[in-house]
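J.: Following this message is one structure expressed as structure tokens.
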There are 2 protein chains.
Amino acid sequence: MSKPSIPSGTRDFGPDQVDRRNYIVDIIKKAFVKYGYRPIETPAMENLSTLMGKYGDEGDQLLFKILNSGDFAKGMTAEDLSEHKKLALKICERGLRYDLTVPFARYVVMNRNDLVFPFKRYQIQPVWRGDRPQKGRYREFWQCDADVVGSDSLLYEAELVLMMDEVYAELGFPVEIKLNNRKILAGMAEVCGIADRLTTMTVAIDKLDKIGPEGVRKEMLAHGISDEAVDLVDKFLAAQGLESLKPLLADSGIGQKGIAELEDVFAKIRRGSPRNTVAFDPTLARGLNYYTGAIFEVKALGVAMGSINGGGRYDDLTGLFGLKGLSGVGISFGLDRIYDVMNELSLFPDSLGNAPRILLAAFDEPGFDFAYDCLLELRRRNVRAELYPEPAKPQKFLKYANSRHIPLVGIIGSEELAAGKIALKDMVSGEQRTVSVSEVD
Amino acid sequence: MSKPSIPSGTRDFGPDQVDRRNYIVDIIKKAFVKYGYRPIETPAMENLSTLMGKYGDEGDQLLFKILNSGDFAKGMTAEDLSEHKKLALKICERGLRYDLTVPFARYVVMNRNDLVFPFKRYQIQPVWRGDRPQKGRYREFWQCDADVVGSDSLLYEAELVLMMDEVYAELGFPVEIKLNNRKILAGMAEVCGIADRLTTMTVAIDKLDKIGPEGVRKEMLAHGISDEAVDLVDKFLAAQGLESLKPLLADSGIGQKGIAELEDVFAKIRRGSPRNTVAFDPTLARGLNYYTGAIFEVKALGVAMGSINGGGRYDDLTGLFGLKGLSGVGISFGLDRIYDVMNELSLFPDSLGNAPRILLAAFDEPGFDFAYDCLLELRRRNVRAELYPEPAKPQKFLKYANSRHIPLVGIIGSEELAAGKIALKDMVSGEQRTVSVSEVD
């Protein structure tokens, strides 16, 4: 019998962890509902045709693919074995979802005739990626997404930022919410004469945190962008505030539009009096290619941790599935990283209120029988009550109560049984008094 | 661009469906917490070595297997292609979980040193099976499990039955909870002289609902059980009540033990005053081989639907992973079938309380600006408020409010703007009055 284990990069969550994760999810969900987002859920498995090509070549490789049922190898020849990437697509039709945005776009397109736009949805589900596991990076992790599609109103950019602000205020740790706009990045590329290299530039800038400014320069140069252009990009990235970008982008229509959009969004956000810093960051790029307008990123202050929350506007995500012209904007909370931040800062409440309130215990069979009556009465009154499953000695049932963080133990010995009462022990103070079970609540 | 779709046997859940599913889950979860069960969550993917061989040969075939990353075909030859079952295990190390019981047993064994027994856990997660999809049977469906391991006290059998009873009373439809005991089935087999064919007999009896008594007879005969034995089994299955079984099982130690256990469990259940019928059923067999004591099954009354809830005691589930002697007992609610029953009986409350309370809307830009202020004020007071994302005509925003079931619309025209008020329209009565936004709650 080999020792059981779980796949690398995956985790079990024990009772305290689940309670704490639910504590975070409940706060996020409450905000989603308050802001008018409605829940949907999509299947863990999607057709690979839905997923492939949406996350770049690297993403395609990181998709978990599910082997077809039955004789999947039927008709295959030795030749097929030589190209494993092609072969994978012959023997796998389905894969596990990689994020919640592409399934959402697929859902919107499939339900286009029944949905009323703008459609605001939230979705809280796990996603799977075959990344190399490392600290803070898992192969199964949870995303908490809110998106609205079918409107290009900047109201939603502001609303999503204020919603994130509210969630972190409630969770109890300060964050910085950074904003940029893909149109500003497009304007930069235009002014620098590398409009056709926008993606190369964006992908390089996106790595700033990891590889530093010198690394970004090198990457752009390595991809054939000229010294002059790279110098100009540097100048943009050093801009302090939206105002200082205006003259630099004076000649770019798209750049000006990006600035105007962000100014509108910032004005709306300010009127909502956010409790956290909300700041423009010209170096914010976001990796995903489908963003076309505002982009967001949130970092926890005082903790070494990557982005815990991001998002942005995408003008044509549903176009990938044949439904053009539906603009959307959304955000995604990274539950696992928020959990790690909360843990590091010791921000979880001591008691999350779900452990039993009282453990009943008896020394012998007659006492156990009475204890069972007490148990039934307490539960009838909706008290979270437990009964130690057999007559036992105090050290046994007290240890059990302690380990389960049960604050009260109702002990039944022969005296208590004769009086029809219980000896109620407070596990924190150690105090003990004889009471009727009807007094327990 | 091909039309997007989702894999056969899987489903999307829209907002109303998610609300309704959560309504059921919350009631089940509340009962689990009240009875002292604590949540755990396990990964969707398990090592195939954990899953294979636990659900019979058929189960092994129904497991969804995940293709290994990288060059999974490396070193393979044409010969490997001829045996697809073997090949699958060469190219797949992981699979999707098939139920929540085996992952739970695996969890208990991996955490044996940190857990305090009896360990009571609940787990509410999806499972995946490659069954042929049909009405009421899906390839992704949710189980809501509660189990306790590390005690053989019959207290838990009674507690689980009372907990199921409480859940259905709360959900609002009547059920019949049927009980049997595998020891009684073992006793039957012993008395019929087919102790070595217990599994054959159990598997046949388990199909009674599907194939009828004649089908059960045929199946047993086809498997080489004698006419005399089959006649005797029939006699057992026709038994009315535990009492009438006693003489029939007088010569079987294990049969007598099964009867004694069930009598104890029934006595404890009766003291809890269940609101639904709880009855002994000698024909209840349950398919899974690991049950060794009490077995449960729940059927909704007045609805044509299979079992919606089942469970039982298993004496050595963790033994499969090398930890012997840990008795357990558990139940599993089938969320999808309960949903179907509730839907068929129209038992969901009309409003599940999550739709926005008010939609603000304006005719022009100045009004929209004021409406945004109103939106911020309402949200500051935690009112679920929305703003129609652009100035619009009434037919547009009223249609939107209607389709989203928003009961109030706050309209801002030039008069309202001048007065700093809103025209509050009640979407149910059609009434409209001018109020200050501070009056809305």
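The values are calculated or read from the model by the stated rules, or taken from the named source; none is laboratory data. Remember, predicted model here, so these are calculated numbers, not experimental data. Virtual Cβ from ideal backbone geometry, glycine too; neighbours counted across all protein chains shown. Calculation scope for accessible area: heavy atoms of the full protein, side chains included, ligands and nucleic acids excluded. Shrake-Rupley method; radii C 1.70, N 1.55, O 1.52, S 1.80 Å.
J.: Give the number of residues within region B:387-402 that are facing chain A (nearest Cβ under 7 Å) and open to solvent by less than 50 Å² (accessible area, probe 1.4 Å). Give the derivation first.
T.: The initial filter retains those residues of region B:387-402 that are facing chain A (nearest Cβ under 7 Å), namely B:387, B:389-390, B:400.
After this cut, where a residue has to be open to solvent by less than 50 Å² (accessible area, probe 1.4 Å) as well, the list is B:387, B:389, B:400.
The number of residues fulfilling the criteria is 3.
J.: Evaluate the following for B:Gly212: is it touching a residue at least 40 places away in the same chain (Cβ under 8 Å) and either open to solvent by less than 50 Å² (accessible area, probe 1.4 Å) or within 24 Å of B:Phe296 (Cβ to Cβ) (or both)?
T.: On the way: touching a residue at least 40 places away in the same chain (Cβ under 8 Å): no; either open to solvent by less than 50 Å² (accessible area, probe 1.4 Å) or within 24 Å of B:Phe296 (Cβ to Cβ) (or both): yes.
So B:Gly212 does not fit the description; no.
J.: Also, quick follow-up: Tell me which strands (runs of 3 or more DSSP E) are completely within region A:315-405 and hold 3 or more residues being not acidic (Asp, Glu), or say none if there are none. So that I can check it myself, show each step before the final result.
T.: Numbers: elements: A:328-334, A:358-362, A:385-387.
The strands (runs of 3 or more DSSP E) meeting that bar are A:328-334, A:358-362.
J.: In this structure, is B:Arg384 at the interface with chain A (Cβ under 9 Å from one of its Cβ atoms) and open to solvent by 40 Å² or more (accessible area, probe 1.4 Å)? Write out each step before concluding.
T.: On the way: at the interface with chain A (Cβ under 9 Å from one of its Cβ atoms): yes; open to solvent by 40 Å² or more (accessible area, probe 1.4 Å): yes.
Yes.
J.: Does B:Ala44 count as at the interface with chain A (Cβ under 7 Å from one of its Cβ atoms), out of contact with any strand residue (DSSP E or B) (no Cβ under 9 Å at 6 or more places or on another chain) and either in contact (Cβ under 8 Å) with a residue 12 or more places away in the chain or surrounded by fewer than 22 Cβ atoms within 10 Å (Cβ to Cβ) (or both)?
T.: no
J.: Only one of (1) within 29 Å of B:Val329 (Cβ to Cβ); (2) open to solvent by 20 Å² or more (accessible area, probe 1.4 Å) fails for B:Met220. Which number is that?
T.: (2)
J.: Restricting attention to region A:239-290, report how many residues are at pLDDT 95 or above and not in a loop (DSSP other than H, G, I, E, B).
T.: Total meeting the criteria: 23.
J.: Scan region A:115-127 and tell me whether some residue there is within 27 Å of B:Ala385 (Cα to Cα), over 21 Å from the mean Cα position of the chain (by Cα) and within 8 Å of another protein chain (Cβ to nearest Cβ).
T.: Initially, region A:115-127 is screened for residues within 27 Å of B:Ala385 (Cα to Cα), giving A:115-125.
Among the residues that remain, those that are also over 21 Å from the mean Cα position of the chain (by Cα) are: A:115-118.
Among the residues that remain, those that are also within 8 Å of another protein chain (Cβ to nearest Cβ) are: A:116, A:118.
Yes, region A:115-127 contains at least one residue that is within 27 Å of B:Ala385 (Cα to Cα), over 21 Å from the mean Cα position of the chain (by Cα) and within 8 Å of another protein chain (Cβ to nearest Cβ).
J.: Residue check, B:Glu58 against (1) surrounded by 17 or more Cβ atoms within 10 Å (Cβ to Cβ); (2) farther than 30 Å from A:Pro389 by Cα; (3) more than 10 Å from chain A (Cβ to nearest Cβ), all met but one. Which one?
T.: Status for B:Glu58: all satisfied but (1).
J.: Quick check, is B:Leu154 within 28 Å of A:Tyr400 (Cα to Cα) and either crowded, with 22+ Cβ neighbours inside 10 Å or in contact with a helix residue (DSSP H, G or I) (Cβ under 6 Å, 6 or more places away or on another chain) (or both)? Talk me through it step by step, then tell me what you get.
T.: Details: within 28 Å of A:Tyr400 (Cα to Cα): yes; either crowded, with 22+ Cβ neighbours inside 10 Å or in contact with a helix residue (DSSP H, G or I) (Cβ under 6 Å, 6 or more places away or on another chain) (or both): yes.
Answer is yes for this residue.
J.: With the requirement that a residue be more than 14 Å from B:Ser351 (Cα to Cα), acidic (Asp, Glu) and within 8 Å of chain A (Cβ to nearest Cβ), what does region B:3-29 give you?
T.: Matches in region B:3-29: B:Asp12 only.
J.: Something else about it: What number goes with the only condition from (1) among the small types (Gly, Ala, Ser); (2) closer than 19 Å to A:Ala355 by Cα; (3) at pLDDT 95 or above that A:Ser403 does not pass?
T.: Only one criterion is unmet by A:Ser403, namely (3).
J.: Let me ask something else about it. Those residues that are within 21 Å of A:Arg380 (Cα to Cα), open to solvent by 30 Å² or more (accessible area, probe 1.4 Å) and in contact with a Gly (Cβ under 8 Å, 6 or more places away or on another chain), I need them from region A:404-435; list them, please.
T.: A:Leu417
J.: Among the residues of region A:249-279, how many are more than 32 Å from the chain's Cα centre (by Cα) and surrounded by fewer than 18 Cβ atoms within 10 Å (Cβ to Cβ)?
T.: 4
J.: Related question: Quick one: would you say B:Gly172 is in contact (Cβ under 8 Å) with a residue 12 or more places away in the chain and open to solvent by 10 Å² or more (accessible area, probe 1.4 Å)? It would help to see each step written out before you state the result.
T.: Values: in contact (Cβ under 8 Å) with a residue 12 or more places away in the chain: yes; open to solvent by 10 Å² or more (accessible area, probe 1.4 Å): yes.
Yes, satisfied.
J.: Follow-up question, since we're still on this one. Has region A:15-30 got any residue that is modelled with pLDDT under 95 and touching a Ser or Thr at 6+ places or on another chain (Cβ under 9 Å)?
T.: no
J.: Within the group A:Arg11, A:Arg94, which residue is surrounded by fewer than 20 Cβ atoms within 10 Å (Cβ to Cβ), touching a Pro at 6+ places or on another chain (Cβ under 7 Å), among the charged types (D, E, K, R) and on the phi < 0 side of the Ramachandran plot?
T.: Only one candidate passes the filter, namely A:Arg11.
J.: Right, next: Kindly indicate whether B:Asp26 is among the charged types (D, E, K, R), free of Cβ contacts under 8 Å to residues at least 60 places away in the same chain, within 28 Å of B:Val116 (Cα to Cα) and in a helix (DSSP H, G or I). I'd like the intermediate steps shown before the answer.
T.: Values: among the charged types (D, E, K, R): yes; free of Cβ contacts under 8 Å to residues at least 60 places away in the same chain: yes; within 28 Å of B:Val116 (Cα to Cα): yes; in a helix (DSSP H, G or I): yes.
Against the criterion (among the charged types (D, E, K, R), free of Cβ contacts under 8 Å to residues at least 60 places away in the same chain, within 28 Å of B:Val116 (Cα to Cα) and in a helix (DSSP H, G or I)), B:Asp26 qualifies.
J.: Given the criteria of a type in the set (Val, Ile, Thr), modelled with pLDDT of 95 or more and surrounded by fewer than 23 Cβ atoms within 10 Å (Cβ to Cβ), does B:Val108 qualify?
T.: On the way: of a type in the set (Val, Ile, Thr): yes; modelled with pLDDT of 95 or more: yes; surrounded by fewer than 23 Cβ atoms within 10 Å (Cβ to Cβ): no.
Criteria not met by B:Val108.
J.: Would you check if B:Asp234 is assigned to a helix (DSSP H, G or I) and either among the acidic types (Asp, Glu) or loosely packed, with under 14 Cβ neighbours inside 10 Å (or both)?
T.: yes
J.: Might you check whether a residue that is in contact (Cβ under 8 Å) with a residue 40 or more places away in the chain, more than 7 Å from chain B (Cβ to nearest Cβ), of a type in the set (Val, Ile, Thr) and open to solvent by less than 20 Å² (accessible area, probe 1.4 Å) occurs anywhere in region A:30-41?
T.: no
J.: Please go through (1) more than 14 Å from every other protein chain (Cβ to nearest Cβ); (2) modelled with pLDDT of 95 or more; (3) open to solvent by less than 10 Å² (accessible area, probe 1.4 Å); (4) not in a strand (DSSP E or B) for B:Lys183 and return the number of the only condition it doesn't satisfy.
T.: So B:Lys183 meets the others, but not (3).
J.: Say we look at region B:141-151 and pick out the residues that are open to solvent by less than 20 Å² (accessible area, probe 1.4 Å) and either more than 10 Å from chain A (Cβ to nearest Cβ) or among the acidic types (Asp, Glu) (or both); which of these is farthest from B:Gly306 (Cα to Cα)?
T.: Taking region B:141-151 and keeping what is open to solvent by less than 20 Å² (accessible area, probe 1.4 Å), we get B:144-149, B:151.
Now restrict to residues that are either more than 10 Å from chain A (Cβ to nearest Cβ) or among the acidic types (Asp, Glu) (or both): B:144-147, B:149.
Details: B:Cys144: 17, B:Asp145: 18, B:Ala146: 20, B:Asp147: 22, B:Val149: 27 Å.
By that ranking, first place goes to B:Val149.
J.: If you don't mind, another one. Among the residues of region B:195-203, is any in a helix (DSSP H, G or I), open to solvent by less than 20 Å² (accessible area, probe 1.4 Å) and closer than 30 Å to A:Ala362 by Cβ? Steps first, please.
T.: Going through region B:195-203, the residues in a helix (DSSP H, G or I) turn out to be B:195-203.
Remaining after also requiring open to solvent by less than 20 Å² (accessible area, probe 1.4 Å): B:201-202.
Remaining after also requiring closer than 30 Å to A:Ala362 by Cβ: none.
No, region B:195-203 contains no residue that is in a helix (DSSP H, G or I), open to solvent by less than 20 Å² (accessible area, probe 1.4 Å) and closer than 30 Å to A:Ala362 by Cβ.
J.: I would also like to ask the following. For region A:288-307, name all the residues that are in contact with a helix residue (DSSP H, G or I) (Cβ under 8 Å, 6 or more places away or on another chain) and exposed (fewer than 15 other Cβ atoms within 10 Å of the Cβ).
T.: A:Gly306
J.: When you go through A:Leu417, A:Leu424 one by one, which is the residue that is more than 24 Å from B:Leu160 (Cα to Cα), at pLDDT 95 or above, assigned to a helix (DSSP H, G or I) and more than 10 Å from chain B (Cβ to nearest Cβ)?
T.: Working: A:Leu424 fails: assigned to a helix (DSSP H, G or I).
It is A:Leu417.
J.: Hey, can you tell me all the residues within region B:358-381 that are surrounded by 18 or more Cβ atoms within 10 Å (Cβ to Cβ) and in contact (Cβ under 8 Å) with a residue 60 or more places away in the chain?
T.: B:Ile358, B:Leu360, B:Cys374, B:Leu378
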